[in-house]
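The values are calculated or read from the model by the stated rules, or taken from the named source; none is laboratory data. Given the structure is predicted, the values throughout are model-derived calculations rather than measurements. Here the Cβ positions follow ideal geometry from the backbone for every residue, glycine too, while neighbour counts run over all protein chains shown. Each accessible area value is taken on the protein alone, full model and side chains, heavy atoms only, with ligands, DNA and RNA left out. Shrake-Rupley method; radii C 1.70, N 1.55, O 1.52, S 1.80 Å.
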Amino acid sequence: MAELTAKQECASAFDAHHPPSNAIIEKCVHCGFCLPVCPTYVLWGQEMDSPRGRIYLMKIASEGAAEMNSNWVSHFDSCLGCMACMTACPSGVDYGKLIEATRAQIERKTERSRGEKLYRRFIFEAFTNPDRLRQMRLPLLVYQKSGLQTVARGLGLLRLLPKRMQTMEALLPKLEAREAVAEVTPAVGTKRRRVGLLLGCVQREFFSQVNAATARVLAAEGCEVVAPGEQPCCGALLVHAGEETAAVALAKRTIDVFERAEVGTVVTNAAGCGSNVKEYGHLLRDEPEYAERARAFAAKCKDVSEVLAEMEPRAKRNTLKLRVAFHDSCHLQHAQGVRAQPRTLLSSIPGLELAEIPEAAICCGSAGIYNLVQPEAANALGDRKAELIAPLKADVVATGNPGCMLQMQSALARRGQKIPVVHTIQILDASIRGESKESFQL
């Protein structure tokens, strides 16, 4: 038996460190329920760019019948990792664990071009480091506030830049003054819970108003909010892109920080981060000092909409006459299974009208670093989402993930649609504070 196992390992295209699970692969019965919700299959109609097609590629690679060549890799690079297939799958195939294991194998066993490696390294070093993002804020703020961005866009000067720089520039959010979140925000009235707040990286530096709103709402509902300043990136972008070693190191640091904070719940407000920290038990399963701690930590993690939905509302919701188109972030609805709670929170606001965006299961094209490394497919999906939003005549689009906010604001701008995209918690915060709909104008 040992000899047979050795032969199988030699034949497999994968190495022995956490290859895609054959047990999960074998659960796929190729029924096709995943096809209508897979973004790349919807775009291209190609079997190998569908979940069951990619699972087949994993299977033949594990059996030594396929090499991890550039063509094979391209089908996994084109996957958004949106997990819509998991929601649709009647067999319960955990595609998330398969795609992340496969991508980790790809990063270890294949060689990308020098340009691609440098580009990806820049993305990871910039977007997983809050200090570097903070350093980027000032020049970007000057670029926007000085009018240089308006001039560059108006004269078409951006076309002189490399394509990848154009892609990044198009996704820039409108930067405002940074709203700091205190290390400890006391509960309003009697304290009901002590919670930790995961600040994120892009969220912390480019969408600080979302973290500030999150802390205010939680405090208004009786939560003491602890937001440790020393918390690192949680590693979500790295995990989803196959950079396992770096992700493990960040996960350990994150656990250490929040254990010291002694909180009963760790609140997330970025869907990609939330789905990642809830899987720390799986990510750190081989770490003797952290495996059990990771499982305990993951069990404490909840999206802010989950936490608020569990609590009887205490803070008064003031009337906010607003028509809101709600966009389900993939890592919230598919990876975390959180769908009803954000809608419940929005529906609790007097005067607010909730509009559902068709094709809710299909990704907007953000997907971690996807819109930076696969911009053409990402733009096609963003444009598709923007076209579906247009007939809704919404005042604002609400979602639960900073990547979705960037992606959809860019897609709406390409269509000339002046609709702000905000986080769900910002709308609830505005209602509690008694603000008007004008506070959401672009």
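Of note:
- Unique residue being farther than 22 Å from Val239 by Cα, surrounded by 12 or more Cβ atoms within 10 Å (Cβ to Cβ) and at pLDDT 90 or above when the list is Leu158, Leu148: Leu148
- Hey, Thr190 over 23 Å from Asn401 (Cβ atoms), modelled with pLDDT of 90 or more and more than 25 Å from the chain's Cα centre (by Cα) or not: yes
- Pairs with Cβ under 6 Å, 6+ apart, first in segment 329-358 and more than 18 Å from Ala430 (Cβ to Cβ) and touching a residue at least 12 places away in the same chain (Cβ under 8 Å), second among the acidic types (Asp, Glu) and surrounded by 24 or more Cβ atoms within 10 Å (Cβ to Cβ): Val338/Asp303
- When residues in segment 73-111 are screened for being over 21 Å from Leu284 (Cα atoms) and among the basic types (Lys, Arg), 1 of them pass.
- Residues of segment 243-300 that are open to solvent by 10 Å² or more (accessible area, probe 1.4 Å), in contact with a Leu (Cβ under 6 Å, 6 or more places away or on another chain) and either of a type in the set (Gly, Ala, Ser) or without any contact (Cβ under 8 Å) to a residue 12 or more places away in the chain (or both): Ala246, Ala291.
- If only residues of segment 168-214 that are surrounded by fewer than 19 Cβ atoms within 10 Å (Cβ to Cβ) and β-branched (Val, Ile, Thr) are counted, the one that is nearest to Ala315 (Cα to Cα) is Val188.
- Check on Arg323, in contact with a strand residue (DSSP E or B) (Cβ under 9 Å, 6 or more places away or on another chain) and farther than 15 Å from Asn401 by Cβ: yes
- All positions within segment 388-406 that are in a helix (DSSP H, G or I), closer than 20 Å to Ile369 by Cα and either in contact with a strand residue (DSSP E or B) (Cβ under 9 Å, 6 or more places away or on another chain) or of a type in the set (A, V, I, L, M) (or both): Pro402, Cys404, Met405, Leu406
- Selection from segment 1-49 of residues that are modelled with pLDDT under 95, crowded, with 17+ Cβ neighbours inside 10 Å and of a type in the set (Ser, Thr, Tyr): Ser12
- Taken together, the residues in segment 19-32 that are over 17 Å from Ile60 (Cβ atoms) and within 24 Å of the chain's Cα centre (by Cα) amount to 0.
- Members of segment 221-239 found to be surrounded by fewer than 21 Cβ atoms within 10 Å (Cβ to Cβ), in contact with a Gly (Cβ under 9 Å, 6 or more places away or on another chain) and over 14 Å from Val184 (Cβ atoms), listed by number: Gly222
- Residue-level analysis places Leu308 among those that are surrounded by 24 or more Cβ atoms within 10 Å (Cβ to Cβ) and farther than 30 Å from Ser21 by Cβ.
- For segment 105-145, the set of residues classified as open to solvent by 80 Å² or more (accessible area, probe 1.4 Å) and either touching a residue at least 40 places away in the same chain (Cβ under 8 Å) or among the polar types (S, T, N, Q) (or both) consists of Arg108, Lys109, Arg134, Gln135, listed by residue number.
- Selection of segment 240-265 for residues being among the aliphatic types (A, V, I, L, M) and touching a Gly at 6+ places or on another chain (Cβ under 6 Å) yields Ala247, Leu250, Ala251, Ala261, Val263.
- Of all residues in segment 407-430, those satisfying the criterion of being outside any loop (DSSP other than H, G, I, E, B) and either open to solvent by 20 Å² or more (accessible area, probe 1.4 Å) or more than 19 Å from Phe207 (Cβ to Cβ) (or both) are Gln409, Ala413, Arg414, Gln426.
- The set of residues in segment 216-246 that are part of a helix (DSSP H, G or I), under 17 Å from Cys301 (Cα atoms) and touching a Cys at 6+ places or on another chain (Cβ under 9 Å) contains only Ala236.
- Every condition in (1) free of Cβ contacts under 8 Å to residues at least 24 places away in the same chain; (2) touching a strand residue (DSSP E or B) at 6+ places or on another chain (Cβ under 6 Å); (3) acidic (Asp, Glu) is met by Glu224 except one, and the failing one is (1).
- Note on segment 326-349: residues that are more than 30 Å from Cys79 (Cβ to Cβ), out of contact with any strand residue (DSSP E or B) (no Cβ under 7 Å at 6 or more places or on another chain) and open to solvent by less than 20 Å² (accessible area, probe 1.4 Å) amount to 2.
- Near pairs, Cβ below 7 angstrom, 6+ apart or cross-chain, from segment 29-56 (closer than 15 Å to Gly96 by Cα and of a type in the set (Lys, Arg)) to any residue that is modelled with pLDDT of 95 or more and open to solvent by less than 50 Å² (accessible area, probe 1.4 Å): Arg52/Cys28; Arg52/Cys34; Arg54/His75; Arg54/Phe76; Arg54/Cys79
- Top-ranked residue in segment 50-69 [being part of a helix (DSSP H, G or I) and hydroxyl-bearing (Ser, Thr, Tyr); ranked as surrounded by the most Cβ atoms within 10 Å (Cβ to Cβ)]: Ser62
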